[in-house]
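Colleague: Once you've had a glance at the structure underneath, I'll fire off some questions.
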Amino acid sequence: MTDSSTPAGFVRQGWRWSGRLLTGVISLALTLLGLLAFTFTLSHLAPIDPTLQVAGDHASEATYAQVRRDLGLDQSVPVQFARYLDHLAHGDMGISRITAQPVASDLMRTFPATVELATCAILLGGSLGILLALLAVWKPGSWLDNVARMVSLLGYSVPIFWLSLLGLLLFYAVLHWAGGPGRLDDLYMYTMTPRTGFVLIDTWLSGDRDMFYNAISHLWLPVTVLAMLSMAGITRLLRASMLGEMNKEYVILARSKGAGRARVLLCHVFPNVLGTLITVLSLSYASLLEGAVLTETVFAWPGVGRYLTTALFAADTPAILGATLLIGTCFVLLNALADALTYLLDPRTR
């Protein structure tokens with residue numbers, strides 16, 4: 001009988017899981033608090049006066065002072081940050097100075113667009129990256145291996161904004177294969193009823209197949225550009241991990257028993273690199289959620305990245321803090337999920 005099958009063993013295992021969960025929650029809270037404090041301090045160092053944005057350049061001194069008091073900018077930075085945390089604890093992220101709407105509402109409107117773009121990109125990039133890495137390790141030194149290394153090199157070296165502009169020029173302006181910037185043509189943008197915020201789901205639910213195909217035509221090009229970025233990292237790291245495993249004793253033993261290279265690769269090597277694969281996929285997905293700023297800007301994609309860029313240029317502190325908090329939370333939660341999956345799937349980590 002194992003220790004975990006006894007009542008005392010269950011209690012000890014429960015305490016271990018509770019301690020691990022509590023540590024993770026505290027780590028998440030401290031990380032997000034530090035991220036907010038750093039971002040809040042940087043936003044106050046920007047050479048843009050938020051009071052003038054609200055009151056206008058020609059406001060009188062009395063109006064300027066009144067607006068400054070209303071915004072709470074007459075207080076010290078620590079006091080302003082404490083007030084922000086108090087409002088955040090009550091679910092209030094503040095009002096955006098650009099849209100004059102609650103930041104929470106703006107994020108609920110823009111976040112689904114980023115999630116849709118990043119999810120499609122990681123599905124495409126992850127599938128192609130895993131396939132390329134498997135082919136490269138199956139025939140090391142062959143033309144397949146050279147293609148995998150070239151794809152990795154191009155994905156890391158080609159600027160994402162240049163690739164986006166080139167894609168628009170070729171597939172939209174010249175070949176007319178892509179729908180162009182935005183999520184839909186203007187004809188459909190104002191006739192579609194948004195239900196979920198995900199344009200593929202909303203257009204499918206509308207029953208208009210032409211609208212659905214139009215959404216796909218707008219989506220596939222930015223997805224392909226971002227997929228190339230994620231595919232490069234996944235291919236490179238997964239290939240290196242599997243090549244490292246191919247020289248270990250259990251692989252030599254399996255080959256000596258007559259197992260073919262493909263069987264050894266799929267049945268023995270690949271399961272042993274699942275932890276690395278999960279980590280790479282989670283980091284790539286998090287990077288797509290937070291790093292699609294340039295792609296969203298080039299393709300006029302109304303996501304969080306574009307929203308954050310606009311807020312940064314306008315020194316819109318509530319919008320900057322809200323978007324930073326959302327992206328930081330996603331990043332930390334994805335890392336925690338990757339650690340949990342690795343712990344469950346890889347006995348060596350227990």
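Colleague: Run down 251, 223 and say which single residue is surrounded by 16 or more Cβ atoms within 10 Å (Cβ to Cβ), over 19 Å from residue 155 (Cα atoms) and either among the small types (Gly, Ala, Ser) or touching a residue at least 12 places away in the same chain (Cβ under 8 Å) (or both).
Modeller: Numbers: 223 fails: over 19 Å from residue 155 (Cα atoms).
Of 251, 223, the one residue that is surrounded by 16 or more Cβ atoms within 10 Å (Cβ to Cβ), over 19 Å from residue 155 (Cα atoms) and either among the small types (Gly, Ala, Ser) or touching a residue at least 12 places away in the same chain (Cβ under 8 Å) (or both) is 251.
Colleague: Right, another one. Going by the conditions given, is residue 277 in contact with a helix residue (DSSP H, G or I) (Cβ under 8 Å, 6 or more places away or on another chain), under 27 Å from residue 324 (Cα atoms) and not small (Gly, Ala, Ser)? Walk me through how you get there before you give the answer.
Modeller: On the way: in contact with a helix residue (DSSP H, G or I) (Cβ under 8 Å, 6 or more places away or on another chain): yes; under 27 Å from residue 324 (Cα atoms): yes; not small (Gly, Ala, Ser): yes.
In short, yes.
Colleague: Give the residues of region 309-325 that are within 15 Å of the chain's Cα centre (by Cα) and either among the β-branched types (Val, Ile, Thr) or surrounded by 23 or more Cβ atoms within 10 Å (Cβ to Cβ) (or both), sorted by residue number. Let's see the steps before the verdict.
Modeller: Residues of region 309-325 that are within 15 Å of the chain's Cα centre (by Cα), as a first pass: 323-325.
Correct list: 323, 324.
Colleague: Taking residue 301 and the conditions (1) modelled with pLDDT under 85; (2) on the phi < 0 side of the Ramachandran plot; (3) open to solvent by less than 10 Å² (accessible area, probe 1.4 Å), which numbered condition does it fall short on, given that it satisfies the others?
Modeller: (1)
Colleague: Tell me which residues, restricted to region 68-94, are at positive phi and exposed (fewer than 12 other Cβ atoms within 10 Å of the Cβ). Even if it seems obvious, please write down each step before you answer.
Modeller: Here is the first cut: in region 68-94, the residues at positive phi are 72, 91, 94.
Within region 68-94, 72, 91 meet the criteria.
Colleague: Could you list, in sequence order, the residues of region 229-244 that are hydrophobic (A, V, I, L, M, F, W, C) and surrounded by fewer than 20 Cβ atoms within 10 Å (Cβ to Cβ)?
Modeller: Across region 229-244, the qualifying residues are 240, 243.
Colleague: Among all residue pairs at least 6 apart or on different chains, which show Cβ distances below 6 Å where the first residue, located in region 290-315, is in contact (Cβ under 8 Å) with a residue 12 or more places away in the chain and the second is charged (D, E, K, R) and surrounded by fewer than 24 Cβ atoms within 10 Å (Cβ to Cβ)?
Modeller: Final answer for the pair search is 296/306; 297/306.
Colleague: How many residues are of a type outside the set (Ser, Thr, Tyr), in a helix (DSSP H, G or I) and within 15 Å of the chain's Cα centre (by Cα) when one looks only at region 279-308? Before you say what the answer is, go through the steps one by one.
Modeller: Initially, region 279-308 is screened for residues of a type outside the set (Ser, Thr, Tyr), giving 280-281, 283, 286, 288-294, 296, 298-306, 308.
Those still in the list that are in a helix (DSSP H, G or I) too: 280-281, 283, 286, 288-291, 293-294, 296, 298, 304-306, 308.
Subsequent filtering for residues that are within 15 Å of the chain's Cα centre (by Cα) retains 280-281, 283, 286, 288-291, 293-294, 296, 304-306, 308.
Of the residues in region 279-308, 15 are of a type outside the set (Ser, Thr, Tyr), in a helix (DSSP H, G or I) and within 15 Å of the chain's Cα centre (by Cα).
Colleague: When you look at residue 192, is it more than 20 Å from the chain's Cα centre (by Cα), free of Cβ contacts under 8 Å to residues at least 40 places away in the same chain and not in a helix (DSSP H, G or I), yes or no? Walk me through how you get there before you give the answer.
Modeller: On the way: more than 20 Å from the chain's Cα centre (by Cα): yes; free of Cβ contacts under 8 Å to residues at least 40 places away in the same chain: yes; not in a helix (DSSP H, G or I): yes.
Judged against the criteria, residue 192 is a match.
Colleague: Next up: Identify the residue in region 34-53 that is assigned to a helix (DSSP H, G or I) and open to solvent by 80 Å² or more (accessible area, probe 1.4 Å) and, among all such residues, is nearest to residue 339 (Cα to Cα).
Modeller: Applying the filter and picking the extreme gives 38.
Colleague: Continuing with the same structure: Would you mention how many residues in region 66-117 are of a type in the set (A, V, I, L, M), over 26 Å from the mean Cα position of the chain (by Cα) and in a helix (DSSP H, G or I)? Lay out the reasoning, then the answer.
Modeller: Step one: filter region 66-117 for residues of a type in the set (A, V, I, L, M), giving 67, 71, 73, 77, 79, 82, 85, 88-89, 93, 95, 98, 100, 103-104, 107-108, 113, 115, 117.
Retained after the next criterion (residues that are over 26 Å from the mean Cα position of the chain (by Cα)): 67, 71, 73, 77, 79, 82, 100.
Next, from what is left, pick out any that are in a helix (DSSP H, G or I): 67, 77, 79, 82.
Of the residues in region 66-117, 4 are of a type in the set (A, V, I, L, M), over 26 Å from the mean Cα position of the chain (by Cα) and in a helix (DSSP H, G or I).
Colleague: Another question, then. Among the residues of region 107-127, is any in contact with a helix residue (DSSP H, G or I) (Cβ under 6 Å, 6 or more places away or on another chain), of a type in the set (A, V, I, L, M) and open to solvent by 30 Å² or more (accessible area, probe 1.4 Å)?
Modeller: Yes: one or more hits.
Colleague: Say we look at region 275-288 and pick out the residues that are of a type outside the set (Ser, Thr, Tyr) and open to solvent by 20 Å² or more (accessible area, probe 1.4 Å); which of these is farthest from residue 225 (Cα to Cα)? Step through it out loud before you land on a result.
Modeller: First pass over region 275-288, keeping only residues of a type outside the set (Ser, Thr, Tyr): 275, 277-278, 280-281, 283, 286, 288.
Within this subset, residues satisfying the condition of being open to solvent by 20 Å² or more (accessible area, probe 1.4 Å) are 278, 281, 283.
Values: 278: 22, 281: 17, 283: 17 Å.
In this case the residue turns out to be 278.
The values are calculated or read from the model by the stated rules, or taken from the named source; none is laboratory data. Note that the structure is a prediction, hence the values are computed from the model and not measured. Please note: Cβ atoms are built from the backbone with ideal geometry, for glycine as well, and neighbour counts cover all protein chains shown. Each accessible area value is taken on the protein alone, full model and side chains, heavy atoms only, with ligands, DNA and RNA left out. Shrake-Rupley method; radii C 1.70, N 1.55, O 1.52, S 1.80 Å.
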